[in-house]
1. Mind checking the angle between helix 51-61 and the chain's longest principal axis? C-alpha axes, 0 to 90 degrees, to the nearest 10.
2. Given N residues in segment 1-59, what is its alpha carbon radius of gyration divided by 2.2 N^0.38 Å?
3. Find how much the distance from LYS62 to LEU123 grows on full extension, using 0.36 nm per residue of separation minus their present alpha carbon separation; answer in nm with one decimal.
4. Among (i) 23; (ii) 36; (iii) 27, only one was calculated for this model; which label is it, if the read-out is percent of Cα pairs over 24 Å apart?
5. Do you know the relative contact order of segment 2-128, to the nearest whole percent, from alpha carbon pairs under 8 angstrom that are 6+ apart?
6. Kindly express, to the nearest 10 degrees and within the range 0 to 90, the angle between helix 68-81's C-alpha long axis and the longest C-alpha principal axis of the chain.
7. Per DSSP H run of n ≥ 4, the term is -39500 (n - 2.57); total these for the chain, divide by its residue number, and report the mean residue ellipticity at 222 nm rounded to 500 deg cm²/dmol.
8. Quick one: among ALA46, ALA90, ALA75, which has the greatest mean-square fluctuation in a GNM of the chain with alpha-carbon springs under 10 angstrom?
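Bear in mind that the values in this text are calculations on the coordinates, not laboratory data. What you see is a predicted model, and the numbers here were worked out from it, not measured in a lab.
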Amino acid sequence: MIQFAEGTIGPNAYKMLFGGGLFSDISRHPNIAVTKWGITSTAAGAYGFLYRVWIEISGQLKLPNFTPASQDRAAIEMIRRKNALNDVLAGRIELAIYKCRKIWASFPGAGYGQNERALTELLTFYLKAGGTLVRS
């Protein structure tokens, strides 16, 4: 659902740059600043990690590279840090989205001036992907 929201879903999700371009070296975060739609960002990978965020979180988790497994671990850790992991595990996705809205600019209420997805759109995608919801 996060990849859907961020526009990175698909076979190249883990090699996606902000704006839709691709990078090839997954040994490290590419740290490529891309300007698109009047916004400059170093966001990369399936979850749109900013370079500065990746350096901090990968250092704390001792992640050796920018592979899909490392990106997934980092995304889960970011959700945990927002006290939303238990909500995800319990199916309280609406509450988890709210708690994580400042991590992902595409989440409703993020407030970064980027294209925010509607909550109903995210929940519909989550259900179609096989998730279950418990209303918070």
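1. In the chain, helix 51-61 runs at an angle near 70 degrees to the longest axis.
2. On the way: Rg = 10.7 Å, N = 59, 2.2 N^0.38 = 10.4 Å.
So the Cα radius of gyration is 1.03 times the expected 2.2 N^0.38 Å.
3. Details: separation 61, 0.36 × 61 = 21.96 nm, distance 3.24 nm.
Using 0.36 nm per residue and subtracting the Cα-Cα distance, I get 18.7 nm.
4. The listed entry that was calculated here is (iii).
5. Details: 176 pairs, mean separation 24.3, N = 127.
So the answer I get is 19 percent.
6. So the helix axis and the longest Cα principal axis differ by about 50 degrees.
7. Numbers: 6 runs with 52 residues, N = 136.
Using -39500 (n - 2.57) per qualifying helix, the result is -10500 deg cm²/dmol.
8. Among ALA46, ALA90, ALA75, the largest GNM mean-square fluctuation belongs to ALA90.
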